[in-house]
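A quick write-up on the structure given underneath.
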Amino acid sequence: MRSEFGYAEEDQLGKPYNLKLLKRLYPYIKPYSGLFTASIGLVLMMTLLDLSLPYVTKIAIDRYIVPGFHAGPRHHTEKTGNRTRSYQIHGTDDNTREILSGYSDRLTEETPTGTITYESLRTFEKKDLRVIRRHDVIGLGICALILLGIAAASFTLNFFQVQLMEYIGQMIMHALRMNLFKKILNQTVSFFSTTPVGRLVTRSTNDIQNMHELFTSVVVVVFKDLFLLLGIAGVLIAINWRLALISFSVLPLVAYASFKFSNLARDVFRTLRIKLAEINTHFSESVAGIRIIQMFLHEKENFRRFERLNHDYYAAGMRQIRVFAVFMPVIEVLGAVAVAMIIYYGGSSTLDGTISLGALVAFISYMRMFFNPIRDVAEKYNIMQNAMASAERIFLILDRNDSHEPSFESDQTPITSEFRISRIAFNHVSFEYTKGEPVLEDVSFEVHNGETLAVVGPTGSGKTSLVNLIPRFYDPGSGVILINNMESQAINLVQLRSRIALVTQDPFLFSGTLYDNICWNSDGSRKLPLEEILELSQCRDWIERLPQGIQTRLTEGGKTLSSGERQLISIARAFAFNPDLVILDEATSYLDSQTEKRMQHALSNLMAKKTCIIIA
C-alpha cells in the first residue's frame, strides 16, 4: 500500500507529513488568528468548567453527604476494628436541642455540640434527620445550583465558540476554494485534456469540505482535549498522587494503540479520496455521454464498471471502519482497566481512611473524563486523516507550475483599446502533444490586418492545433509566433485574448440567459448596441419568438437549442467581443443548407474588415 499512494492517473504522493501540510494551511488561518485565539480562550474557559464538575461533586459528598476528614467543621472519624465512625452535630437552635434531647443516650461528649455514630444516626426518624442535617441539605442545594450554573455557562461559551469557529472555517474554506478555482482557471488547455472533470469536482467540493471539518471540528477540539487531559492529570495528582500514578500506568498502551491507528488510517483515507474521484469522473462521463451509451447499448457494461468502482469505494470504506472499530474498543477496554484499578486501590484507601469517599468518586469521574478526550482525539484523528488526504490532493493542483502567467487576477495591466492585432506570423513552428509524435512541423505563414487565411486539410492534419497556438492555448515546441512583430509569449495574455474571437463547430453555451451567453465582456468595451449585434448575427428574429426573448434561460451546454441556433449565439458572442482576429473552426460543418445560408450571412458581417483564419 505504501509503495503507491495514488492511482495511475494521479500524481504519486510520497511519505505523508501532517506537520508540513498544516504549515501550508497556515496562510489561510493567519488572517483569522485573532478570532482563533479568542476561540481557544473560550475553549480554555469551557475546559475549566468541565474540570470543576467532579470537584463540586466531591465537595457535595465529603462536606454534606458523608462529611469526611477534609470537610472542615463537619467531620467524621473513620475507625477500624473496635473504632467507630461518627458524625458531628452543630445544633444550637432550640428545635435542634429539643430533638437531640430525645436521643441523648446515643450522643457522645467528644465535642461541646455533640457527636453520634453513623450507626446510631440511622435510627433517627426521617423528620428529625431532616432538621438535624438541614445545613447539609442547604449545602447540597447550593452545590446543585453551582452545577446548574456551570452547565448554563458552559452552554453559553460553547454557543459562541461554535459560532466563532464556524465563521472561521467557512471563511478559510471560501478562500481555499477560490484559490483552487483560480488555479484551475489559469491552467493550460493541456491540463484539462489529461485531467478528468470528476477529479476536479471532487477537489473543489468534497476535499474542500473535508478541510472545513478540519478547522471547525478538529483544530480547536484538539486544544480543548489537550487542556482537559493536562487539567485532569493535575487534579488527580493533587487529590492523590499515588492513585494517579496507578491510573496512568495504562497510558503507554494507549499511546501504542494510537500510533498503530494513525499509520493504518492515513493509507485508508488516501484510498477513499482516490476512489471517490474515480466515481465522480465516471459519473460525469456517463451523464455527458448518455446518448452514445444508449445508442450503442452500452448501459450494461457502463453499469458494471460503475459497480466495480462503487465496490472498491465500499471496500475502502469497510477497511476504514475495521481500523476504527478495533481502535475504539481498545481505548474503551483500557479505560475500564484504569477505572477498575482505581476502584480496587482507591476503595482500599477509602476503607482504611487515607482517602475520602468523595475523593474516590471524583477520581473515578475524572478518570472516565480522562479517556473521553482520548476517544475524542481518535474520532477527530479520523477526520484529520481524511482532511490531510484531501489536502494532499488539493495542493497537487495548487503546486502545479504549468499555468499561464500572469494569471487573470494577478495581472494588473488593463485592457486598452490601443492594442490591435495587425499582423500574425508563424516562423518555422513545430508542435507536439506527446513527445516524439509531432502534429505540426516547420510551419511558416503570415497574415495581415483585414486578410483572410484558409486552412484546409484532412482530419488529423493539425488544423485546430495550428489555430490553438495563436491564443496560446498551447505554446509551440519550437519556432516563433509573432503578433505585431512581437513574440506572442511576450504579449500580455489578457490583452492578446481580448482581441480574438473563436467560433467552433460545436460551440459551448453556459447555463444562464441568452443575454449572459452573448454579452460576456464585463469591462463594458462592447462597441455595438445589443439590437445591432442580434441583427448582424441573424439572431434577432428567432430570439424574439421565444417567450422570454433575450432573457430566456438555457440549460448547461444550451441543449434546448438546435445546433444552428447555438452557432448563431456563438457568432453574436464574437460580435459583442469586438475582435480584431476571428477564428472559424469548421463553424458550418453541422448545419443544414438553409441554416448555413443564415450562418454565412452572419459570418460575412462578422468578418467584415477583420483578420480571419478559417478552418475548412
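The values are calculated or read from the model by the stated rules, or taken from the named source; none is laboratory data. Just so we're clear, the structure is a prediction, and the values are computed from it rather than from any experiment. Don't worry about glycine lacking a Cβ; one is built from the backbone with ideal geometry, like all the others, and counts go over all protein chains shown. Just so you know, the surface numbers come from the protein's heavy atoms only, side chains and all, with ligands and any DNA or RNA stripped out. Shrake-Rupley method; radii C 1.70, N 1.55, O 1.52, S 1.80 Å.
The residues of the range 189-199 that are part of a loop (DSSP other than H, G, I, E, B) and either free of Cβ contacts under 8 Å to residues at least 40 places away in the same chain or touching a Phe, Trp or Tyr at 6+ places or on another chain (Cβ under 7 Å) (or both) amount to a single one, Thr195. Being at pLDDT 85 or above and β-branched (Val, Ile, Thr) is the filter here; which residues of the range 430-477 pass it? Listed by number, the residues that qualify are Val439, Val443, Val447, Thr452, Val455, Val456, Thr464, Val467, Ile470. Close contacts from the range 464-479, counting a first residue that is touching a residue at least 12 places away in the same chain (Cβ under 8 Å) and of a type in the set (A, V, I, L, M) and a second that is in a loop (DSSP other than H, G, I, E, B) and surrounded by fewer than 18 Cβ atoms within 10 Å (Cβ to Cβ), with Cβ to Cβ under 8 Å and a gap of 6+ residues or different chains, come to Leu469/Asp475.
Do we have Pro373 as under 40 Å from the mean Cα position of the chain (by Cα) and either under 20 Å from Thr611 (Cβ atoms) or at pLDDT below 75 (or both) here? Talk me through it step by step, then tell me what you get.
On the way: under 40 Å from the mean Cα position of the chain (by Cα): yes; either under 20 Å from Thr611 (Cβ atoms) or at pLDDT below 75 (or both): no.
So Pro373 does not fit the description; no.
Tell me, yes or no, whether the range 41-56 has at least one residue that is modelled with pLDDT under 80 and within 29 Å of Leu228 (Cβ to Cβ).
Narrowing the range 41-56 to residues modelled with pLDDT under 80: none.
Taking every residue of the range 41-56 in turn, none turns out to be modelled with pLDDT under 80 and within 29 Å of Leu228 (Cβ to Cβ).
Scanning the range 473-495 for residues that are more than 37 Å from the chain's Cα centre (by Cα) and crowded, with 17+ Cβ neighbours inside 10 Å yields Pro476, Gly479, Ile481, Ile483, Ser488, Ile491. Contact annotation: residue pairs with Cβ atoms under 6 Å, 6 or more positions apart or on different chains, pairing a residue in the range 157-175 that is in contact (Cβ under 8 Å) with a residue 60 or more places away in the chain and buried (at least 20 other Cβ atoms within 10 Å of the Cβ) with a partner that is among the β-branched types (Val, Ile, Thr) and assigned to a helix (DSSP H, G or I), are Met165/Thr216; Met165/Val220.
The single condition among (1) open to solvent by less than 90 Å² (accessible area, probe 1.4 Å); (2) in a helix (DSSP H, G or I) that Arg291 does not satisfy is (1).
Identify all residues within the range 327-360 that are of a type in the set (Val, Ile, Thr), open to solvent by 50 Å² or more (accessible area, probe 1.4 Å) and modelled with pLDDT of 80 or more; write none if there are none. Walk me through how you get there before you give the answer.
Taking the range 327-360 first, the residues of a type in the set (Val, Ile, Thr) are 330-331, 333, 337, 339, 342-343, 350, 354-355.
From the residues that got through so far, the ones that are open to solvent by 50 Å² or more (accessible area, probe 1.4 Å) too are 330, 333, 337, 343, 354.
Scanning the range 327-360 gives Val330, Val333, Val337, Ile343.
Identify, from the list Phe227, Phe191, the residue that is of a type outside the set (D, E, K, R), touching a helix residue (DSSP H, G or I) at 6+ places or on another chain (Cβ under 9 Å) and open to solvent by 30 Å² or more (accessible area, probe 1.4 Å).
Phe227
If only residues of the range 249-274 that are in contact (Cβ under 8 Å) with a residue 60 or more places away in the chain and among the aromatic types (Phe, Trp, Tyr) are counted, the one that is surrounded by the fewest Cβ atoms within 10 Å (Cβ to Cβ) is Phe261.
For Val219, are the conditions met, namely being within 32 Å of the chain's Cα centre (by Cα) and open to solvent by 60 Å² or more (accessible area, probe 1.4 Å)?
On the way: within 32 Å of the chain's Cα centre (by Cα): yes; open to solvent by 60 Å² or more (accessible area, probe 1.4 Å): no.
It is false that Val219 is within 32 Å of the chain's Cα centre (by Cα) and open to solvent by 60 Å² or more (accessible area, probe 1.4 Å).
Being under 16 Å from the mean Cα position of the chain (by Cα), charged (D, E, K, R) and assigned to a helix (DSSP H, G or I) is a property that Arg242 lacks.
Just to be sure, is Val337 within 30 Å of Val56 (Cβ to Cβ) and assigned to a helix (DSSP H, G or I)? I'd like the intermediate steps shown before the answer.
Details: within 30 Å of Val56 (Cβ to Cβ): yes; assigned to a helix (DSSP H, G or I): yes.
For Val337, the condition - within 30 Å of Val56 (Cβ to Cβ) and assigned to a helix (DSSP H, G or I) - is met.
Just one of the listed residues (Val467, Val447, Val456) is within 30 Å of Asn578 (Cβ to Cβ) and loosely packed, with under 12 Cβ neighbours inside 10 Å, and it is Val456.
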